[in-house]
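Enquirer: Take this structure, written in structure tokens, and hold onto it; I'll ask about it next.
The values are calculated or read from the model by the stated rules, or taken from the named source; none is laboratory data. Computed from a prediction, not measured in an experiment: that's the story for all the values here. Here the Cβ is made from the backbone with ideal geometry for all residues, glycine too, and neighbour counts use every protein chain on show. Ligands, DNA and RNA are stripped out before the accessible areas are found, and what is left, the full protein with its side chains, is counted by its heavy atoms. Shrake-Rupley method; radii C 1.70, N 1.55, O 1.52, S 1.80 Å.
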Amino acid sequence: MASVPGDALTGAATAGTRPGRGTLWAIAASLCLYEAGMALNDWADRDEDAAERPHRPLPSGRITPAAALAASAALTATGLGLASRAGRPALAVATALATTVWAYDLGLKHTPAGPATMATARALDLLLGATATTPTPRHALRSLPAAALLGAHTYAVTAVSRHETHGGSTRTPLAALVVTLTIAGTLSTRTPQPPPPGPPAPRPALPFPTPSPRPRSHPGRLHSSRRPHLGPLLALAYARTPATLLLHAALNPSAALTERAVGGGIRATIPLQAALAARAGATGTALGLLGLVPLARALARKVSPT
């Protein structure tokens, strides 16, 4: 849950804008949709949890199935309402995100399409932050590469998580390790920010040379050229979190080591978000995201991230 606000902040950063009121609406909507997915997941898995995890809220009787389903529906409606405050484009992305979450929990989770569906949900969550923050949907398109990298990471972690109960897979953790290292290598390179959409205004020809005017930054764009590039350091911080655990799970594909690898992949989400923001030149956002790491660790001690 601690990584959810980072999706919206990363979306705003990779779109080339500073966080604003729309970003806050996106964060609130994302939190509601995330909790809706958690409640719906428990409702959908109540029979499986009764056999394998009887201590969970529904099998233990602490929460009734009807209450969990009602909470999921209410949280989904609330999340969509909050997203609508950021504009129609944000509501459209939030609707797609909610649809993906419900489709995953109610039918796709245990199918071959499960990891791709979860990856799509995470990518949409980042795009929700971009769409809610930028002035037009065209500006939000600049966040598509970051959304793809976050989706690839989520796909790899979700694929490994399908073996965390019984273990037994060597190829899946190795494939996830390759994906992690590939993402880290991509994040180590800096991509120049594209110019704002639209053709530049024509300049009249002058009969004699004049000094070139100082370029002006696009309104809302981050002034990243003078900021230190933390991308390689944060890419290393991202990779080292799950890499060793994935290697251990590949060498000894037990259920315990596989579950630890999944936990490491989940914890790596925040350093990944920070690295994506730093690669876009949003150093302040990247450092702010790193401040969520202690919160994520504290929550992991109370509730398993898997």
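Enquirer: What residue, of G11, G6, G37, G81, is surrounded by fewer than 18 Cβ atoms within 10 Å (Cβ to Cβ) and in a helix (DSSP H, G or I)?
Expert: G81
Enquirer: Take the residues of the range 177-192 that are within 21 Å of R240 (Cβ to Cβ) and touching a Lys or Arg at 6+ places or on another chain (Cβ under 7 Å): which is surrounded by the most Cβ atoms within 10 Å (Cβ to Cβ)?
Expert: The qualifying residue surrounded by the most Cβ atoms within 10 Å (Cβ to Cβ) is L187.
To keep it simple, each residue is scored yes or no on (1) surrounded by 13 or more Cβ atoms within 10 Å (Cβ to Cβ); (2) charged (D, E, K, R); (3) modelled with pLDDT of 95 or more; (4) out of contact with any strand residue (DSSP E or B) (no Cβ under 9 Å at 6 or more places or on another chain).
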| position | (1), (2), (3), (4) |
| --- | --- |
| D125 | yes, yes, yes, yes |
| L141 | yes, no, no, yes |
| R162 | yes, yes, no, yes |
| G168 | no, no, no, yes |
| A175 | yes, no, yes, yes |
| P194 | no, no, no, yes |
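Enquirer: While we're looking at this one, here's another question. Which residue is nearest to D105 (Cα to Cα), if the candidates are limited to the range 59-75 and must be in a helix (DSSP H, G or I) and modelled with pLDDT under 90?
Expert: Result: P59.
Enquirer: Does L276 count as crowded, with 20+ Cβ neighbours inside 10 Å, touching a residue at least 40 places away in the same chain (Cβ under 8 Å) and either acidic (D, E) or closer than 22 Å to A147 by Cβ (or both)?
Expert: Spelling it out, L276 is indeed crowded, with 20+ Cβ neighbours inside 10 Å, touching a residue at least 40 places away in the same chain (Cβ under 8 Å) and either acidic (D, E) or closer than 22 Å to A147 by Cβ (or both).
Enquirer: Separate question: Out of all the residues in the range 81-89, is one or more aliphatic (A, V, I, L, M), touching a residue at least 24 places away in the same chain (Cβ under 8 Å) and out of contact with any Phe, Trp or Tyr (no Cβ under 7 Å at 6 or more places or on another chain)?
Expert: No, every residue in the range 81-89 fails to be aliphatic (A, V, I, L, M), touching a residue at least 24 places away in the same chain (Cβ under 8 Å) and out of contact with any Phe, Trp or Tyr (no Cβ under 7 Å at 6 or more places or on another chain).
Enquirer: Check off (1) part of a helix (DSSP H, G or I); (2) free of Cβ contacts under 8 Å to residues at least 60 places away in the same chain; (3) of a type in the set (V, I, T) for I27 and give me the number that stays unchecked.
Expert: (2)
Enquirer: Tell me whether the range 24-33 contains one or more residues that are open to solvent by 60 Å² or more (accessible area, probe 1.4 Å), out of contact with any Leu (no Cβ under 7 Å at 6 or more places or on another chain) and of a type outside the set (A, V, I, L, M).
Expert: The answer is no; no qualifying residue exists.
Enquirer: Looking only at the range 59-78, which residues are in contact with a Lys or Arg (Cβ under 9 Å, 6 or more places away or on another chain), open to solvent by less than 50 Å² (accessible area, probe 1.4 Å) and not hydrophobic (A, V, I, L, M, F, W, C)?
Expert: Within the range 59-78, just P59 meets the criteria.
Enquirer: Sort through R85, R56, R46 and tell me the only one that's at pLDDT 95 or above and in contact with a Lys or Arg (Cβ under 9 Å, 6 or more places away or on another chain).
Expert: Only one candidate qualifies: R85.
Enquirer: Taking the criterion of being in contact (Cβ under 8 Å) with a residue 40 or more places away in the chain, within 29 Å of T172 (Cβ to Cβ), assigned to a helix (DSSP H, G or I) and of a type in the set (A, V, I, L, M), would at least one residue in the range 99-107 satisfy it?
Expert: yes
Enquirer: Can you tell me which residues in the range 16-38 are hydrophobic (A, V, I, L, M, F, W, C), within 21 Å of T154 (Cβ to Cβ) and modelled with pLDDT of 95 or more?
Expert: Residues satisfying the conditions are A26, I27, A29, L31, C32, L33, A36.
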